[in-house]
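To start, the structure itself, in structure tokens.
The values are calculated or read from the model by the stated rules, or taken from the named source; none is laboratory data. None of these values were measured; they are calculated from a predicted model. Ideal geometry is used to build each Cβ from the backbone, glycine not excepted, and the neighbour counts take in all protein chains shown.
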Amino acid sequence: MSDDAPLGGDMLQVEEIRDAAGVEALVPAWRRLAAEAARSPFESPDWLVPWWRTYGAGEMEPRLLAWRAGGRLAAVAPLARRDLRRFGRPIRELAFWAGGGSLLSGCVDLLAVEADRPAALAGLGAWLQAPGNDWDVLHFLRLPYGSSSAGALRAWADTAPWRYLSLTGAFRSETFTIDLPADAAGWHGHLGPKARHNMRREVRLFARERGGTIERVVDAAAAGELVAALERLMGRHWGDEEKYFRHDPAFGGFAVEALTAMLLSGSAYAFVARDGGGIRACLVNFALGGRAVAVLIGVDRDPAFRAFSLGKNLFDAAIDEAVARGCRSYDFLWVGGYKETFWHAAPRRLESGLVARGTTGALVAAYAAMRRLALPRLARALRRRPAA
């Protein structure tokens, strides 16, 4: 399928990719576009293609839209379709890649540089409204902060007519982000001299008492060791409540493949605290398009390590690295527990929702509104109700 639309003086042509070979052929140009335009490091094909291989292939069919202008790749919308059966009828569902499977999900959107984005977004709307495009519901989960896609979907729903349902807040939607200065001196000023002194003292104490070091890791060959350390440390901390590895047998392999690819492309880095007993703390970060994100952290909770504040010191090193890479922001994402130390981290809401069309789509939207919005509100009201 192809349509033409103007884009910055060129013609924008869309190609719909429905097979793995087409996806793989697109990856080099997609990677270059992501390095320039990504609003979230999770929009990199080095994250998304391993996700597809692990969680998407066999369950969904790719509907990846790629727009080109003057021979260059201008925009990508990594969509997938799957066929479900609910309410006694078939449902044709569209969603952005990485919208499920792993708990590390969402933060994927239409990818385009800012100058090309309005035309690409209009092209996505035209594709969704084109006769013969077979979908009943389109899901989006935690769009990158500042995305205009939710507003565009809402506007299209008003005119199509479709139904737009916001699910922001029904899913985990709030992250904490630090806006970064242009250099390390500016960043250190945020913490203040006392905090800096205490953190340097903790690192020296770790070295003196445990022979420990804080190490930066960018070698792709270390991906397996990093993921194994995270699984061990997170498992010890959370036990049966650990949800990434323990409740998802596919996650470990996916994490190694994706982290290897991200390290190879220069879009990931890690910091570890290591002593003679091995890795005692590990923090994996992604950085792309001027934005850095804390992905996963594991810290040894043995009281013997408490005085070293290993997690806090890994974050300090990771934010220093983000500044050195020219990143404009650092997002704590879901790793939590450290925003009190980095007190100037500001909350940001990421939008989730769905667009539905037709009778089948309306049924899906009504069910989602009841399950994700009405029933949780009722449960909260009942908990607040005083006992008789």
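Give just the number: which of (1) surrounded by 16 or more Cβ atoms within 10 Å (Cβ to Cβ); (2) over 18 Å from the mean Cα position of the chain (by Cα); (3) closer than 30 Å to Val113 by Cα does Ala281 not satisfy?
Exception for Ala281: condition (3).
Write out, first by first residue and then by second, each pair whose Cβ atoms fall under 7 Å of each other, whose residues are 6+ apart or on separate chains, and whose first residue, in the range 64-89, is under 20 Å from Val137 (Cα atoms) while the second is among the basic types (Lys, Arg) and part of a strand (DSSP E or B).
Leu79/Arg63; Ala80/Arg63; Arg81/Arg63; Arg81/Arg92; Asp83/Arg92
With respect to Ala270, is the statement that it is over 23 Å from Glu174 (Cβ atoms) and in a helix (DSSP H, G or I) true?
So Ala270 does not fit the description; no.
Filter the range 90-136 down to the residues that are in contact (Cβ under 8 Å) with a residue 60 or more places away in the chain and either on the phi > 0 side of the Ramachandran plot or not assigned by TED's automatic domain parsing to the domain that holds Pro62 (or both), then identify the one that is surrounded by the fewest Cβ atoms within 10 Å (Cβ to Cβ).
Among them, the one singled out is Gly101.
Going by what's in this entry, would Glu16 be described as among the acidic types (Asp, Glu) and either touching a His at 6+ places or on another chain (Cβ under 7 Å) or not in a helix (DSSP H, G or I) (or both)?
Considered against the rule, which asks whether it is among the acidic types (Asp, Glu) and either touching a His at 6+ places or on another chain (Cβ under 7 Å) or not in a helix (DSSP H, G or I) (or both), Glu16 comes out as yes.
Quick check on my filter: what residues within the range 57-72 are in contact with a helix residue (DSSP H, G or I) (Cβ under 9 Å, 6 or more places away or on another chain) and among the small types (Gly, Ala, Ser)?
Scanning the range 57-72 gives Ala57, Ala66, Ala69.
Can you name the residue in the range 144-166 that is hydrophobic (A, V, I, L, M, F, W, C) and more than 19 Å from Ala369 (Cα to Cα) and is also surrounded by the fewest Cβ atoms within 10 Å (Cβ to Cβ) among such residues?
Looking at residues that are hydrophobic (A, V, I, L, M, F, W, C) and more than 19 Å from Ala369 (Cα to Cα), I get Ala155.
Give me a count of the residues in the range 87-102 that are assigned to a loop (DSSP other than H, G, I, E, B) and out of contact with any helix residue (DSSP H, G or I) (no Cβ under 8 Å at 6 or more places or on another chain).
Residues meeting the conditions: 2.
Filtering the range 250-278 down to residues that are small (Gly, Ala, Ser), within 20 Å of the chain's Cα centre (by Cα) and surrounded by 21 or more Cβ atoms within 10 Å (Cβ to Cβ), which residue is farthest from Ser44 (Cα to Cα)?
Result: Ala270.
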